[in-house]
């Protein structure tokens, strides 16, 4: 979200103070006749604007691809340096994290605070990592399946789920591989956001975004219950247009229901809620 001073809005757009939202829970979207991008139309605000015009007008800067890759490479190096299990706390729950497993970070915490299940709900936790979403949903009474392509993550999720005595089956596979043929009330996932070469399993959490997105939505068509919901995080430094168009092409409507910016204010993550149209 971008807070534009009222003086700038009055001078440049003839409007009053508002918050320029790009997210669908704040605005509807349509093609911008000027720039061809996506305009955000804030309810109650008598003017239209688009991100490109705002970026150019207010000189808004985003992380360059070089900066993104440098940041991700640094984080990956630090994770590879870990050789012993360690503990993190998320939503008041303590989890053990194994070496070579992607830990709960900013985007994980964003999705975690929106997990609201009940006994009887079936949950599918894809790219499960340490199993945090399965644990949180299971403690609320849900049951289901967790899956990850990283063998260390599978062992890690099994450990955390067993610690809390939850009814989740953990399997090793790519997205829906080895998942029972059933439909789920909720599908959770936070996969990779950018492209890059994968040399070891930990790097699957960083690279291969387009393959992940394509497989995620193609498979979800037959795995999400008719009234089910997907909660998926995606980074604004990734190809959000590809993410959203892939969702639409596979029959999913989407809304951004929350977002969070990293502590260094350089990376913003969106939380998408998706359902079958």
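Checking 129, 196, 138 one by one, the residue that is touching a residue at least 60 places away in the same chain (Cβ under 8 Å), crowded, with 16+ Cβ neighbours inside 10 Å and not in a strand (DSSP E or B) is 129 and no other. Applying the selection to the stretch 202-214, what residues are crowded, with 18+ Cβ neighbours inside 10 Å and touching a residue at least 24 places away in the same chain (Cβ under 8 Å)? Those that are crowded, with 18+ Cβ neighbours inside 10 Å and touching a residue at least 24 places away in the same chain (Cβ under 8 Å): 202, 203, 204, 205, 206, 209, 212, 213. Of 156, 255, 178, 160, all but one fail to be touching a strand residue (DSSP E or B) at 6+ places or on another chain (Cβ under 6 Å), outside any strand (DSSP E or B) and in contact (Cβ under 8 Å) with a residue 60 or more places away in the chain; the exception is 160. Looking at the stretch 98-120, can you tell me whether even one residue there is crowded, with 22+ Cβ neighbours inside 10 Å, in contact with a strand residue (DSSP E or B) (Cβ under 8 Å, 6 or more places away or on another chain), assigned to a strand (DSSP E or B) and at pLDDT 95 or above? No, there is no match, as no residue in the stretch 98-120 is crowded, with 22+ Cβ neighbours inside 10 Å, in contact with a strand residue (DSSP E or B) (Cβ under 8 Å, 6 or more places away or on another chain), assigned to a strand (DSSP E or B) and at pLDDT 95 or above. Going by what's in this entry, would residue 185 be described as part of a strand (DSSP E or B), surrounded by 15 or more Cβ atoms within 10 Å (Cβ to Cβ), in the same structural domain as residue 107 (by TED's automatic domain parsing) and within 19 Å of the chain's Cα centre (by Cα)? Criteria met by residue 185.
For residue 135, are the conditions met, namely being over 19 Å from residue 187 (Cα atoms), modelled with pLDDT of 95 or more and touching a helix residue (DSSP H, G or I) at 6+ places or on another chain (Cβ under 6 Å)? Considered against the rule, which asks whether it is over 19 Å from residue 187 (Cα atoms), modelled with pLDDT of 95 or more and touching a helix residue (DSSP H, G or I) at 6+ places or on another chain (Cβ under 6 Å), residue 135 comes out as no.
Taking each residue of the stretch 79-90 that is farther than 12 Å from residue 160 by Cβ and looking for partners that are surrounded by 14 or more Cβ atoms within 10 Å (Cβ to Cβ) with beta-carbon atoms closer than 6 Å, six or more apart or interchain, yields 82/99; 83/99; 86/97. Exactly one residue among 166, 202 is assigned to a helix (DSSP H, G or I) and under 24 Å from residue 104 (Cβ atoms), and that residue is 202.
The values are calculated or read from the model by the stated rules, or taken from the named source; none is laboratory data. All of these numbers come straight from a predicted model, not from anything done at the bench. Note that each Cβ is placed from the backbone with ideal geometry, even for glycine, and that neighbours are counted across all protein chains shown.
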